[in-house]
Ligand SMILES: [Zn+2]
């Protein structure tokens, strides 16, 4: 089989296979229908600029856009044409990055518009506003993006009661239960007093009992705030610290506060395992601009090493390939049976590093441990472009492995279905 025919065969198989999308932050379709709101994360405007607010705006700022202009760009009160003037100097600089390209591909596939220009921003705005109606999410996700189901980590509540439970599976967010303990939020959401450690356990149980049967996983992104070196602090040590903290959240010294967090994080992992819910952890690169302590990020995987064997019944899903420490993640996934790797977000953070990662992963780690797509977006439209980049990268990775004689063509074709959906079905087996 010629080189080109092989690439076409693999690409066609990848194009025809639906993704199980293991990580999104999508707002609800009803929120989109209601229009921009300060309550809907990153949905501050509904013109063409909306598509650039999540992630692409980070690249625009790093390319030179001022914070003041970025605020204008996100505003509901600036016209599409005036936004174009703010955007135009930077678009040539970011159009080829994963963040820029994902938006451009989404616009091309959804609206049949080739580029973002002074002439097209008004048309994109009209198509965006006119297209959003009941059923829009099914159209965008199933029919255009080729997505079977999305796993959503709501950014505005711990668990989202979705209007589309068959399409938008939901994670329980666990940050406030321990690693980023927030007693006020626990009290507000559970209605429980939460003044002692036992009452905190009851509050955590409330989430699992209320949502555990319907949730697909638990999600924790405390790696943005702290190291992942959760120590084994006993209940006897944690209880008096917790009681002081609950009475006054400023009462504890930093090391004491961390001890409480560590204890409760471990408790939450055990409860998730009781409910057969995989534990998704943010690792690696930070969203945003101007703040990323690589010293701490570089410790994410090292910090988890002693913890992983302590929870043999938990399934840890490590997200974003721990970029830029992805080589270590291959080592970790190869070593520990309870570690799974999720390429969510990675295809747009660094598309070529992610293609390289897939090739190296498959030659080193059992193929059942990889989930190959999560858009990680709040705007449903951008899942289209991100999925397109993921399909391109996955097809190229498999084709190159055949070209380089590491895989046969039938081995490569046989990996497509498990990598795109089958592996997720096995691990997130409760709800798919
Ligand atoms: Zn995310």
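The values are calculated or read from the model by the stated rules, or taken from the named source; none is laboratory data. These numbers come from a predicted model, not from an experiment. Positions of Cβ are generated from backbone atoms using ideal geometry, with glycine treated the same way; all protein chains shown enter the neighbour counts.
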Check: What helices (runs of 4 or more DSSP H) completely inside segment 70-161 contain at least 3 residues that are under 26 Å from the mean Cα position of the chain (by Cα) and within 16 Å of the ligand (Cβ to nearest atom)?
Finding: 98-111
Notebook entry, point to check: Do you know which of the residues in segment 318-338 that are part of a loop (DSSP other than H, G, I, E, B) and closer than 22 Å to residue 390 by Cβ is nearest to the ligand (Cβ to nearest atom)?
Noted result: 323
Margin query: For a quick check of your reading of the model, give me the residue pairs whose first member lies in segment 1-21 and is assigned by TED's automatic domain parsing to the domain that holds residue 384, whose second is surrounded by fewer than 17 Cβ atoms within 10 Å (Cβ to Cβ) and in a helix (DSSP H, G or I), with beta-carbon atoms closer than 9 Å and at least 6 apart or on different chains.
Written below: none
Margin query: Looking only at segment 12-38, filter to residues that are in a loop (DSSP other than H, G, I, E, B) and within 20 Å of residue 161 (Cβ to Cβ); which one of those is nearest to the ligand (Cβ to nearest atom)?
Written below: 25
Notebook entry, point to check: If we scan segment 219-236, do we find a residue that is over 22 Å from residue 303 (Cα atoms) and either in contact with a helix residue (DSSP H, G or I) (Cβ under 9 Å, 6 or more places away or on another chain) or away from the ligand (no atom under 16 Å from the Cβ) (or both)?
Noted result: yes
Checklist line | Index of the failed condition, residue 249 passing every other in (1) in a loop (DSSP other than H, G, I, E, B); (2) under 30 Å from residue 20 (Cα atoms); (3) in contact with a helix residue (DSSP H, G or I) (Cβ under 8 Å, 6 or more places away or on another chain) | finding: (2)
